[in-house]
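Q: I am attaching a structure below and will ask some questions about it afterwards.
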2 protein chains.
Amino acid sequence: MALDFPEDVALVEMLPRDGFQRLDEFVPTDEKVEMIDRLSSTGVDEIEFTSFTHPKAVPTLRDADEVAARIDRNPDVSYRALVPNAVGMERALDVDVDKVNALVTVSESYSRKNQNMTVEEILDEVRTIVDLADGTDVAVEAGVGTSFYCPYEGRIAPEATLEVVEAAVEAGVDEVTLATTMGLADPRQVTDLFTTAMERWPDMEYGLHLHNTNGMSLANTLAAMLVGVDRFDSSVCGLGGGVVLPEGMTGVGNTPTEDLVRMLAAMGVETNADPDRVEAVARHVSEALGLGATSHVLMGGTVDRVLETVEEANN
Amino acid sequence: MALDFPEDVALVEMLPRDGFQRLDEFVPTDEKVEMIDRLSSTGVDEIEFTSFTHPKAVPTLRDADEVAARIDRNPDVSYRALVPNAVGMERALDVDVDKVNALVTVSESYSRKNQNMTVEEILDEVRTIVDLADGTDVAVEAGVGTSFYCPYEGRIAPEATLEVVEAAVEAGVDEVTLATTMGLADPRQVTDLFTTAMERWPDMEYGLHLHNTNGMSLANTLAAMLVGVDRFDSSVCGLGGGVVLPEGMTGVGNTPTEDLVRMLAAMGVETNADPDRVEAVARHVSEALGLGATSHVLMGGTVDRVLETVEEANN
């Protein structure tokens, strides 16, 4: 039995939003711009480069407008920004964005605590965001947070997630991304949820945003590919991830882009990204932010590096 | 499309052999016996509890006979020992073992350097081992090292691995385990190789021994399950792995049993192992050997621990 992997997949780099957002310290705008420009040269298809959130809610991304103005645009890259509400969407439309990630959440507790809105109020914002995008060339993706687990409610019922997906589809979004948020989803949950969503809304474009709290993110990627998902969010150095994590888990929050790209390249699943260039940016980011070796690639777990090490040890 | 996972899989715990073998220091026999006894109570189906290798070749396992004599046998557990040659098999038959892992390698360079024999000479030893097992109740498994990559030769041609599998099958072994050795295999290589082997020798029992140098071991497990593999080697704390690894990779060598068991349990793939008991042993081993948090479970990346952490943070 041969497994049916997609021929190619699209990669979305999350470091500048999901990664920088989780850091305690503000990364200076100059550094952010430089890292985003480096990421633009790796071949990733899309970069979530900032979030148009209230500066008091996410102070580490308070320079969103300046970042948008200063980055070098690579015409082959889609520049996406997170917008948590219509106000954020208006700010995003004032700068040059190709796509917005309209954040919705399934969990009522999470929505109230994190966005001070009910799920229905957030969905109203999404409807307004789609209306605002209408007539522009800005695409709207719904990023469905707490699709599997919520930090306050625990396991989320699949039907609850599917109801939110349905509302997003009816609102007219161009893409739906299921997000693990807590990084606790397993391959069966991932394939079951996507399979049902794809059966109900077969014309929608789907993506997966994977946090890696349980270490299953590459297995989840594999599982998702086998049911037809072909767009994945990840972050160099694995920076990003859940809002609250046990001590010692900072830096293992997201799927490391450098590990993901190596797996896809080894498997012959095509991406536009160059594994060596992604690795070089990961090394730069790790050093600049003092992250250490937070991925297998950064630890040296690649074919070339291992064979080099063996050769050195034998000379 | 629903993915076809096996209903249940068997787990083989490698800590006492693959793990202890890689440590620079000798784990005192008392400690080894205690850890093996703890592992015997986790529900894993099989434990590779030592290696009957020449004491000078692997001094950290020089107490193999004493370990065999002193461990408490759980009747539900199969106690397996590695035997690199017929001399080792004779020692294994003198003590109480349920199964032996007759080590073979595909790479000629690796065989000569690590075992000072050619591949053909090793296969001759396997034939003798099978003869020695004949008429006893000891099962023989062929552990096929360097099935995918060799530290000296790089990528191993699949046909070379299949030739060694064929020789093992013809020798009359009861099981064949493909071993990544370098921990560099990817899901496509794993599924392709198993698929071909299973087509050629459909009556053989297959297992997978996964090192985790590239971080793909859970993805590889998933892929292997989808083509019908239902026996997996792993090691608590991920201890073990490749013979030579880049600096900083000690402790990420093997698939951590505690992570693997959590994934299988979450997916509803049955094992006899209890995730909480496996985790407790992993915590004990990590502390006793000073390993730190070398798995996602040890870092706290489980549903229960994450939700506890969130609750504590909110109180």
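The values are calculated or read from the model by the stated rules, or taken from the named source; none is laboratory data. Being a predicted model, the structure only gives us computed values, none of them experimental. In this analysis, Cβ positions are derived from the backbone assuming ideal geometry, glycine residues included, and neighbour counts consider all displayed protein chains. The accessibility values were calculated without ligands, DNA or RNA, using every heavy atom of the protein model including side chains. Shrake-Rupley method; radii C 1.70, N 1.55, O 1.52, S 1.80 Å.
Q: Going residue by residue through the range A:252-260, is there one that turns out to be at pLDDT 90 or above, part of a loop (DSSP other than H, G, I, E, B) and either within 9 Å of chain B (Cβ to nearest Cβ) or within 17 Å of the chain's Cα centre (by Cα) (or both)?
A: Within the range A:252-260, one or more residues are at pLDDT 90 or above, part of a loop (DSSP other than H, G, I, E, B) and either within 9 Å of chain B (Cβ to nearest Cβ) or within 17 Å of the chain's Cα centre (by Cα) (or both).
Q: Here is a further query. Of the residues that sit in the range B:134-155 and are in contact (Cβ under 8 Å) with a residue 40 or more places away in the chain and open to solvent by 10 Å² or more (accessible area, probe 1.4 Å), which one is farthest from the other protein chains (Cβ to nearest Cβ)?
A: Just the residues of the range B:134-155 that are in contact (Cβ under 8 Å) with a residue 40 or more places away in the chain, to begin with: B:136, B:138-148, B:150-153.
If we keep only those that are open to solvent by 10 Å² or more (accessible area, probe 1.4 Å) too, we end up with B:136, B:138-139, B:152-153.
Numbers: B:Thr136: 36, B:Val138: 33, B:Ala139: 27, B:Tyr152: 7, B:Glu153: 9 Å.
Result: B:Thr136.
Q: Among the residues of the range A:112-138, what is the count of those that are closer than 24 Å to A:Glu205 by Cβ and among the polar types (S, T, N, Q)?
A: Adding up the residues that qualify gives 2.
Q: In the set A:Val227, A:Val297, A:Val306, which member is over 14 Å from A:Val12 (Cα atoms), surrounded by fewer than 24 Cβ atoms within 10 Å (Cβ to Cβ) and among the β-branched types (Val, Ile, Thr)? Break it down stepwise before answering.
A: Details: A:Val297 fails: surrounded by fewer than 24 Cβ atoms within 10 Å (Cβ to Cβ); A:Val306 fails: surrounded by fewer than 24 Cβ atoms within 10 Å (Cβ to Cβ).
After applying the criteria, what remains is A:Val227.
Q: Still on this structure, I have one more. Every residue in the range B:159-173 that is free of Cβ contacts under 8 Å to residues at least 40 places away in the same chain and under 21 Å from B:Asp134 (Cβ atoms), please.
A: B:Val165, B:Glu166, B:Val169, B:Glu170
Q: Still on this structure: From the residues in the range B:261-273 that are in a loop (DSSP other than H, G, I, E, B) and within 13 Å of chain A (Cβ to nearest Cβ), which one is most open to solvent (accessible area, probe 1.4 Å)?
A: Only one residue tops the list, namely B:Gly268.
Q: Further question: Please verify whether A:Phe5 is more than 13 Å from A:Ala81 (Cα to Cα), within 14 Å of chain B (Cβ to nearest Cβ) and not acidic (Asp, Glu), treating the condition exactly as stated.
A: yes
Q: Can you pull out the residues in the range B:25-54 that are of a type in the set (D, E, K, R) and touching a residue at least 24 places away in the same chain (Cβ under 8 Å)?
A: B:Glu25, B:Glu31, B:Lys32, B:Asp37, B:Arg38, B:Asp45, B:Glu46, B:Glu48
Q: Could you list all residues from the range A:274-297 that are among the aliphatic types (A, V, I, L, M), farther than 17 Å from A:Val27 by Cβ and within 14 Å of another protein chain (Cβ to nearest Cβ)?
A: A:Ala293, A:Val297 - these are the residues of the range A:274-297 that are among the aliphatic types (A, V, I, L, M), farther than 17 Å from A:Val27 by Cβ and within 14 Å of another protein chain (Cβ to nearest Cβ).
Q: Given the structure, is B:Thr196 in a helix (DSSP H, G or I), open to solvent by less than 30 Å² (accessible area, probe 1.4 Å), without any contact (Cβ under 8 Å) to a residue 40 or more places away in the chain and hydroxyl-bearing (Ser, Thr, Tyr)?
A: So B:Thr196 fails the test.
Q: Just for the range B:107-126: of the residues that are among the polar types (S, T, N, Q) and open to solvent by 50 Å² or more (accessible area, probe 1.4 Å), which one is farthest from B:Asp18 (Cα to Cα)? I'd like the intermediate steps shown before the answer.
A: Taking the range B:107-126 and keeping what is among the polar types (S, T, N, Q), we get B:107, B:109, B:111, B:114-116, B:118.
Next, only the ones that are open to solvent by 50 Å² or more (accessible area, probe 1.4 Å) stay: B:114, B:116.
Working: B:Asn114: 15, B:Asn116: 20 Å.
Among residues in the range B:107-126 that are among the polar types (S, T, N, Q) and open to solvent by 50 Å² or more (accessible area, probe 1.4 Å), the one farthest from B:Asp18 (Cα to Cα) is B:Asn116.
Q: Give the range B:126-167 a look and list any residue that's among the acidic types (Asp, Glu) and within 15 Å of B:Ala81 (Cα to Cα), or say none.
A: B:Asp137, B:Glu141
Q: Right, something else. Identify the residue in the range A:274-291 that is in contact (Cβ under 8 Å) with a residue 24 or more places away in the chain and not in a helix (DSSP H, G or I) and, among all such residues, is nearest to A:Lys32 (Cα to Cα).
A: Going through the qualifying residues, I end up with A:Leu291.
Q: Now for a different question. If B:Gly215 satisfies every condition in (1) open to solvent by less than 10 Å² (accessible area, probe 1.4 Å); (2) closer than 24 Å to A:Ala223 by Cβ but one, which is the exception?
A: Of the numbered conditions (1) open to solvent by less than 10 Å² (accessible area, probe 1.4 Å); (2) closer than 24 Å to A:Ala223 by Cβ, the odd one out for B:Gly215 is (1).
Q: Would you check which residues across the range A:182-214 are facing chain B (nearest Cβ under 10 Å) and over 16 Å from the mean Cα position of the chain (by Cα) and list them?
A: A:Asp186, A:Pro187, A:Arg188, A:Gln189, A:Thr191, A:Asp192, A:Phe194, A:Thr195, A:Met198, A:Glu199, A:Asn214, listed by residue number.
Q: Just checking, which of A:Val130, A:Val173 is more than 14 Å from chain B (Cβ to nearest Cβ), crowded, with 24+ Cβ neighbours inside 10 Å and more than 25 Å from B:Leu307 (Cβ to Cβ)?
A: A:Val173 is the lone residue from the list that is more than 14 Å from chain B (Cβ to nearest Cβ), crowded, with 24+ Cβ neighbours inside 10 Å and more than 25 Å from B:Leu307 (Cβ to Cβ).
Q: I'm trying to understand the selection: among the residues of the range A:169-184, which are part of a helix (DSSP H, G or I) and out of contact with any helix residue (DSSP H, G or I) (no Cβ under 6 Å at 6 or more places or on another chain)? Spell out the reasoning first.
A: Taking the range A:169-184 as the starting set, the residues that turn out to be part of a helix (DSSP H, G or I) are A:169-171.
Selection gives A:Val169, A:Glu170.
Q: Sticking with this structure for a sec: Can you pull out every residue in the range B:282-304 that is in contact with a strand residue (DSSP E or B) (Cβ under 9 Å, 6 or more places away or on another chain) and either at pLDDT 95 or above or closer than 22 Å to B:His211 by Cβ (or both)?
A: B:Ala282, B:Thr294, B:Ser295, B:His296, B:Val297, B:Leu298
Q: Could you list, in sequence order, the residues of the range A:292-315 that are within 21 Å of A:Val281 (Cα to Cα), polar (S, T, N, Q) and assigned to a helix (DSSP H, G or I)?
A: Result: no residue meets the conditions.
Q: Go through (1) modelled with pLDDT of 95 or more; (2) among the aromatic types (Phe, Trp, Tyr); (3) not in a helix (DSSP H, G or I) for A:Tyr152 and report which single condition fails.
A: Going through the list (1) modelled with pLDDT of 95 or more; (2) among the aromatic types (Phe, Trp, Tyr); (3) not in a helix (DSSP H, G or I), A:Tyr152 breaks only (1).
Q: Please verify whether B:Gly248 is within 12 Å of chain A (Cβ to nearest Cβ), at pLDDT 95 or above and in a loop (DSSP other than H, G, I, E, B), treating the condition exactly as stated.
A: No, not satisfied.
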